[in-house]
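J.: I have a structure I would like to understand better, so I am pasting it below and will then ask my questions one at a time.
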Amino acid sequence: VSIATSLPELITNITAVLIDSPGLALGNVYGADMINILTISLVAILFGVRNVFGDQTWNTQVLVLVAVAIGVIATVVGATGDIQLGPTSAGGLIIAAAYIGGMKLVYDAGKSDGDAEVESEGDRGSAKSAWLGFGGASLAILVAAPLLAWSADGIAEATGLGASFMGVLAVSIVTTLPEASVTIAAARRGSYGLVIGNIYGSCAFNLFVIPIADVFHTEGPLLGEMGSEHFVAAGSAILLMSIGFLMIRSYQDRLLRWLRGTVYAVPVVYPVALFLVFALSQE
């Protein structure tokens, strides 16, 4: 589900790199992760914090840690410098390996949790319809996402807001609409494991988009284009994702109960981070 809902980020970022707007691509990656956590915090406040973060299985916790770890890796590589390796880069390969290895850890944790579903005949029928819908939506994304990148880059140039800020704010809001829709629908059905899995799976995949877009960036490693505004966005995304993990652990460990209120800090941290990104992008 997270890969499907992250297709807009994938196509938009590849397009942004192709039109020579790496700042827009990186801004979208970190901005999407920021707004994803804002979405889950608002859903938790609306549907019940305990419902969303309580009773989460170990594989869900591993997924959250994987997303945070990949975010840290990308930020460290961007800060210390990346090395070009043919069509990709050392940082890109490290992030790709971390994503694939992390998903394997999540899968193994799910097996140990006894995470299994039995599919009925009715499920198969609905799955066929879902695949048709997925195919149609994917075609629409292939058309719409490049237009989004082009128009956002044009707006950034015309208004002077900066491509990085447009990526963190406007583009990330549009590209994360599928995640928001799935999250709200899952919460309404009481599928809170899907709520966490979709959001953090999307956060991890968004970071995996960096090495994919890196292949299309011919001016050197994509992470080498990170500016101060991107580091603020990256740090904010890591902080917000970490708050989610602390929320889950607060219902697993009684000593951490006092952390349960941190979910209300997310709607405050997000606009503050946006302001800092905007201020730095204007320098």
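The values are calculated or read from the model by the stated rules, or taken from the named source; none is laboratory data. As the structure is a computational prediction, the values presented were derived from the model and not from experiment. Note that we place each Cβ from the backbone using ideal geometry, even for glycine, and neighbour counts take in every protein chain shown. Ligands, DNA and RNA are stripped out before the accessible areas are found, and what is left, the full protein with its side chains, is counted by its heavy atoms. Shrake-Rupley method; radii C 1.70, N 1.55, O 1.52, S 1.80 Å.
J.: Across region 171-183, in residue order, what do the Karplus-derived ³J(HN,Hα) couplings come to in whole Hz, using 6.51 cos²θ - 1.76 cosθ + 1.60 with θ = phi - 60° and x for Gly and Pro?
T.: With the stated coefficients, region 171-183 comes to 5, 5, 5, 5, 6, 9, 4, x, 4, 5, 5, 5, 5 Hz.
J.: What figure in square angstrom, to the nearest 10, would you give for the accessible area of residue 20 with a 1.4 Å probe?
T.: Counting only protein heavy atoms, residue 20 exposes about 110 Å² to solvent.
J.: Not counting ligands, DNA or RNA, and with a 1.4 Å probe, what is residue 229's accessible surface area in Å² rounded to the nearest 10?
T.: Taking all protein chains as shown, residue 229 has close to 30 Å².
J.: Tell me the label-point distance for the pair residue 80, residue 188, using the 7 Å Cα-to-Cβ offset, in nm and rounded to one decimal.
T.: Simple spin-label model gives 4.6 nm for this pair.
J.: Report, by chain and number, residues whose modeled amide H sits under 5 Å from the one on residue 176, excluding near sequence neighbours (fewer than 5 apart, same chain).
T.: For residue 176, no residues qualify.
J.: Moving to a separate point now. For region 105-111, in order, what is each residue's ³J(HN,Hα) by Karplus, 6.51 cos²θ - 1.76 cosθ + 1.60 with θ = phi - 60°, in whole Hz (x at glycine and Pro)?
T.: Values, residue by residue: 5, 5, 4, 5, 5, x, 5 Hz.
J.: Still on this model: Given an 8 Å cut-off on Cα distances and at least 6 residues of separation, report the relative contact order of region 1-89 as a percent.
T.: Numbers: 20 pairs, mean separation 11.3, N = 89.
RCO, region 1-89: 13 percent.
J.: Ordering 171, 269 by how much accessible area each has at a 1.4 Å probe, largest first, what is the list? Let's see the in-between values first.
T.: On the way: 171 0, 269 40 Å².
Reading off the accessible areas and sorting them downward yields 269, 171.
J.: Can you give me the orientation-averaged projected area of the convex hull built on the Cα atoms of region 1-96, in nm²? Write out the running numbers ahead of the final one.
T.: Working: hull surface 30.1 nm².
Spelled out: convex hull of the Cα atoms, projected over all directions, averaged, 7.5 nm².
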